[in-house]
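Taking it in order: structure first as structure tokens, then the write-up.
The values are calculated or read from the model by the stated rules, or taken from the named source; none is laboratory data. Since the model is a prediction, treat every value here as computed from it, not as a measurement. We place every Cβ from the backbone using ideal geometry, glycine too, and count neighbours over all the protein chains shown. Note: areas computed on protein heavy atoms with side chains; ligands, DNA, RNA excluded. Shrake-Rupley method; radii C 1.70, N 1.55, O 1.52, S 1.80 Å.
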Amino acid sequence: MNELFNIKDYVVVITGGTGVLGRSIAKYLAQNGSKVIILGRKEDVGNAIADEIVKAGGICEFMKTDVMCRETVQKNCDEIMAKYGRIDTLLNAAGGNMAGATIGPDQNFFDLDAEQFQRVLSLNLTGTVIPTQIFLKPMTKQGRGSIINFSSMAAFRPMTRVCGYAAAKAGISNFTSFMATECAKKFGEGIRVNAIAPGFFITEQNRALLTNPDGTYTQRGQDVIRQTPFGRMGDPDELCGTIHYLMSDAAKFVTGTVAVVDGGFNAFAM
């Protein structure tokens, strides 16, 4: 049974690994024996995370990237393959939002900035497609690999305000289903594609939206808690078990699914 969940020596690439969620996941995977490569734009932050993991006895390094630049991501992949010889798991955690792609309480749909809407779509959705194209190639040669995309509660429920972000995350859920079939039919059952849909976790991206400067919840934060049966926000560490499962042999017959980790938010009806 323990071998089903064994991820020791897995080579794991995490895009957007310098964020709150990516950092927590990287530490957990390294603690469980994986060799972790963090890809991101924030060089100082990424190197600090990698150094912390290495000092704790794990294997980790940071590579600067731009998930929207195919040449840069390809260079990252080439360097990883030259050093480690394989890629076992890709976590597509890169993404984000922009003010112009949201609709504030005092705004309406006509205030939406179409250019920023497109940029949010590109960052989240195309920023998942490009790394998938590049890191999938060595997996097809290996005949084995796991890709885990990051969806969102916004993909399931049409939340107010986050118009662009929700559209992008809905696209990622659909893309996950498409790629699961594409990979299984054309490259064999050894390659699996799934997604994780986190509920509400406090990150740098949403902190000001969900909490006040004194740490209390904003009205939106209170609305989230009211609709979450667990009655709280998630802890970043609470994503790690689901990711561990999806990338391990314990899930070798699991593909095309979006695993919800939300304290019951998506199940709430009234």
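With respect to the stated conditions, Asp9 fails to be part of a helix (DSSP H, G or I), among the acidic types (Asp, Glu) and open to solvent by 30 Å² or more (accessible area, probe 1.4 Å).
Screening Lys64 on (1) crowded, with 18+ Cβ neighbours inside 10 Å; (2) touching a Lys or Arg at 6+ places or on another chain (Cβ under 8 Å) shows it passes everything except condition (1). Please work out which residue is nearest to Tyr10 (Cα to Cα), limiting yourself to the range 83-106 and to residues that are open to solvent by 80 Å² or more (accessible area, probe 1.4 Å) and modelled with pLDDT under 95. For the range 83-106, the residue satisfying everything is Ala99. Which of the residues that make up the range 91-109 are farther than 30 Å from Val193 by Cα and not in a loop (DSSP other than H, G, I, E, B)? Ala99, Gly100, Phe109 - these are the residues of the range 91-109 that are farther than 30 Å from Val193 by Cα and not in a loop (DSSP other than H, G, I, E, B). Filtering the range 21-49 to residues that are under 18 Å from the mean Cα position of the chain (by Cα), among the small types (Gly, Ala, Ser) and closer than 20 Å to Thr203 by Cβ leaves Gly22, Ser24, Ala26, Gly40, Gly46.
Going through (1) under 22 Å from the mean Cα position of the chain (by Cα); (2) open to solvent by 50 Å² or more (accessible area, probe 1.4 Å); (3) small (Gly, Ala, Ser) one by one, Ala114 falls short only on (1).
Considering Asp262, Asp214, the condition of being of a type in the set (Asp, Glu) and at pLDDT 95 or above is satisfied by Asp262 alone. If you go through the range 223-270 and pick out every residue that is open to solvent by 60 Å² or more (accessible area, probe 1.4 Å), closer than 17 Å to Tyr10 by Cβ and not hydroxyl-bearing (Ser, Thr, Tyr), you end up with 1.
Failed condition for Leu136, given (1) surrounded by fewer than 23 Cβ atoms within 10 Å (Cβ to Cβ); (2) closer than 16 Å to Val12 by Cα; (3) in contact with a Leu (Cβ under 7 Å, 6 or more places away or on another chain); (4) of a type outside the set (Val, Ile, Thr), with all others met? In the conditions (1) surrounded by fewer than 23 Cβ atoms within 10 Å (Cβ to Cβ); (2) closer than 16 Å to Val12 by Cα; (3) in contact with a Leu (Cβ under 7 Å, 6 or more places away or on another chain); (4) of a type outside the set (Val, Ile, Thr), Leu136 misses (3) alone. Does Ile80 count as in a loop (DSSP other than H, G, I, E, B), among the β-branched types (Val, Ile, Thr) and buried (at least 16 other Cβ atoms within 10 Å of the Cβ)? No: the conditions fail for Ile80. Do you know which residues across the range 86-99 are touching a residue at least 40 places away in the same chain (Cβ under 8 Å) and more than 13 Å from the chain's Cα centre (by Cα)? Listed by number, the residues that qualify are Arg86, Ile87, Asp88, Asn97, Met98.
Restricting attention to the range 170-222, the residues that are of a type in the set (S, T, N, Q), touching a Ser or Thr at 6+ places or on another chain (Cβ under 8 Å) and either surrounded by fewer than 16 Cβ atoms within 10 Å (Cβ to Cβ) or outside any helix (DSSP H, G or I) (or both) total 4.
Go through the range 223-270 and give me each residue that's out of contact with any Phe, Trp or Tyr (no Cβ under 8 Å at 6 or more places or on another chain), among the charged types (D, E, K, R) and not in a helix (DSSP H, G or I). Arg232, Lys252 - these are the residues of the range 223-270 that are out of contact with any Phe, Trp or Tyr (no Cβ under 8 Å at 6 or more places or on another chain), among the charged types (D, E, K, R) and not in a helix (DSSP H, G or I).
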